[in-house]
Protein chains: 2
Amino acid sequence: MRHFVVLGHDAPTGADFALDNLPGGAGRLDLLARSLIAALLLSHDIREDTKLHLVLADEFTLTFAGASLRSLHPDERSAAALIRSALEHGEEPVGRVAVEPSPGIALRRAGFEHTMERLVDQGTVLPLQPDGRPVVNVEPPRDSVFVLSDHRDFTEQDREVLSTAGDEAVSVSPRALHTDQAITVAHNWLDTEGFTRY
Amino acid sequence: MRHFVVLGHDAPTGADFALDNLPGGAGRLDLLARSLIAALLLSHDIREDTKLHLVLADEFTLTFAGASLRSLHPDERSAAALIRSALEHGEEPVGRVAVEPSPGIALRRAGFEHTMERLVDQGTVLPLQPDGRPVVNVEPPRDSVFVLSDHRDFTEQDREVLSTAGDEAVSVSPRALHTDQAITVAHNWLDTEGFTRY
């Protein structure tokens, strides 16, 4: 299984935002919507072996499972609408128990630390960072938990959680990519078994 | 220089479309907008060495030059608005002469064939196709002209143009990627000098 954890530091935790102004009025939900598309969609297909976990303002985690998700379209507005619909259920989760607003979507009252505690045994933890080890020098793992930040760097607190989760930061590019672009390249690395199989 | 040519078979050639329904009401302009972002934007940066050429319904070609483009934001709606603003000038181009609706944007009354005639000497022509030669087996060229289709395959007519333009189709993935995802991986191949430099 491939997991992608994306930290939305400024992300909304409620559904009161407009789809017409995602970058300015909704805590860069545009970036999170594009990450959702990059993580789960192929051309005319969905990645059934992948889950995306959006950590929203370190308060909620919204998980999308490719295997059971319905009605995800490749445009940013649709993806943002899917996230917004899920956030309408923000009052429902009690403790760490998830609610499932619709098939393939789970909403938990859990920040980054709890989400990583849940995922650390699910695969090799691979934080994506510009100064990480070149991904081409790493053996592609069978199960992976990539961790990416949004338009901001990881905070000091994020780094503490990552240091507990172990494993080594990797870099997918010498350039500073957008979060969704980094997800696309990470998938490509795994799809090609380390750039060897096409 | 890196050129990306994207064929928008169903793309609008005028500005009379709404930004609220790009996939349904605007000939998959959502896909073209994402291609624009993938081709020209990095995190907090623009790719000055890259030009994107959107071929619209084989009638117009809209070129975006990273070196001189202003006000491209990474969200799909903004990118689509930039395309729409340029298309408001659709009546102006005479013959093959381009108009420049704003800095870094050129609009020509030229379809795929004419656009390729103009670009064929600008670099190695690399059509991206699933059954192409694995990109990892190709020496990254200094100057490149990638050619990609939208959500449809290349048409018979497209293939005739490509066979005249020469060079060999390459594949960037064993999976069928979205157009913008393929652009991201092609950039990554060049950025890393064939997955060797990080």
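Read-outs: derived from the displayed coordinates by stated rules, not from any lab. Because the structure is a prediction, the values reported are computed rather than measured. A quick note on method: Cβ atoms are made from the backbone with ideal geometry, for glycine too, and the neighbour counts reach across all protein chains shown.
Quick look at the values:
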| item | result |
| --- | --- |
| Copy-to-copy label separations for B:Val97, where each label sits 7 Å from Cα toward Cβ, in nm and ascending | 7.3 |
| Computed over the stretch B:130-183, the ratio Rg/Rh where both radii use C-alpha atoms and Rh is Kirkwood | 0.94 |
| Whole-angstrom gap from the stretch A:6-55 to the stretch A:89-124, using each part's C-alpha centre | 16 |
| Contour excess over end-to-end distance, with Cα ends at B:Asn21 and B:Arg118 and 0.36 nm allotted per residue | 31.6 nm |
| Histogram of C-alpha separations across the stretch A:103-198, 5 Å bin width, % | 3, 12, 23, 23, 22, 11, 5, 1, 0 |
| Distances in nm from A:Gly14 to the matching label points in the other copies, shortest first (labels 7 Å along Cα to Cβ) | 4.3 |
| Interatomic Cα distance distribution for the stretch B:1-94, bins of 5 angstrom, percent | 3, 14, 27, 27, 18, 9, 2, 0 |
| Projected label distance in nm at A:Arg159 and A:Glu193, using a 7 Å step from Cα toward the beta-carbon | 3.8 |
| Phi to ³J(HN,Hα) by Karplus 6.51 cos²θ - 1.76 cosθ + 1.60 over the stretch B:124-140, Hz, x for Gly, Pro | 5, 7, 10, x, 8, 9, x, 9, x, 5, x, 4, 5, 8, 10, 6, x |
| For A:Ser71, label point 7 Å along C-beta direction: distances to other copies, nm | 3.6 |
| Per-residue HN-Hα couplings for the stretch A:18-27 [Karplus 6.51, -1.76, 1.60; θ = phi - 60°; Hz; x = Gly/Pro] | 9, 6, 7, 9, 5, x, x, x, 9, x |
| The stretch A:1-52: projected area of the alpha-carbon convex hull, averaged over directions, in nm² | 4.2 |
| DSSP beta bridges in the stretch B:47-198 [antiparallel fraction, %, rounded to 5] | 65 |
| Kirkwood-Stokes translational diffusion coefficient of chain B, alpha-carbon pairs, 10 °C, 1.306 mPa s, µm²/s | 95 |
| 10 Å binning of all Cα-Cα separations within the protein assembly as shown, expressed as whole percents from 0 upward | 5, 24, 33, 24, 11, 3, 0 |
| Range of Cα positions in the stretch B:41-83 per principal axis (Å), largest first | 33, 24, 13 |
| Shielding by partners - mean other protein chain Cβ count within 10 Å, residues of B:171-178 | 6 |
| Chain B: relative contact order in percent, alpha carbon pairs under 8 Å with at least 6 residues between | 24 |
| Cβ-Cβ FRET estimate between A:Ala176 and A:Val99, R0 fixed at 45 Å, reported to 0.05 | 0.80 |
| Taking only Cα atoms of the stretch B:84-142, radius of gyration then Dmax in Å | 15.8, 44 |
